[in-house]
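Just below is one structure, and these are the notes that go with it.
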Amino acid sequence: MRGYIISNYFLKALSKIFEVNLEDISLIGDDDLVNIESFKRTPTADLEITLKDANKLRIEVQSGFVGVNDIKQHKVLEAKRIFKTDSISSLAIHFDLFNGQVAFIKLDEIEDDSVNWITRQQMEGQTVFNIDQNYFTWKLTETPPLLNDIFADKK
């Protein structure tokens, strides 16, 4: 549910990062705030953005508030499936509210052997990997970066 709340809160910043209008950002996730019974834990991304070139990009919005910054394995597997079947890339945007930083991770490009998968008991035994500090490229006290600037030095 935090992903839904955070994605709504930061919609204007996301529209600046991706250089699109708010109308180009669709909420596609299964999370909602209608009632607790309607909340689901699924691998569906939170947002889908129609970019200037008409391509689509799925966004998984996450947040942490105790300094634990993980990506769940089922989110990576879903991103790879969507890329394979629909040619839509997926990006995780992780807001570390504890440290005031934001990480950007291309989920569909994660190689299975490139991360250290662990099981976190405090996350209901889910398999995750910890986000490397190098992915945190935006401080919330600064102007949101443009997407091209975020990945410019990672090419």
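Bear in mind that the values in this text are calculations on the coordinates, not laboratory data. Since the model is a prediction, treat every value here as computed from it, not as a measurement. Counting neighbours? That spans all protein chains shown, and the Cβs are built from the backbone with ideal geometry, glycine included.
Brief remarks follow.
- Look at Leu27, Leu57 and count the other Cβ atoms within 10 Å of each Cβ; fewest to most, that gives Leu27, Leu57.
- Violating pairs (Cα-Cα greater than 19 angstrom) within the set Lys56/Lys80; Lys16/Lys75; Lys12/Lys139; Lys56/Lys106: Lys16/Lys75
- Taken along the Cα-to-beta-carbon direction at a fixed 7 Å, the label points for Leu22 and Asn8 span 1.3 nm.
- Residues Thr127, Thr119, arranged from fewest to most other Cβ atoms within 10 angstrom of their Cβ, appear as Thr119, Thr127.
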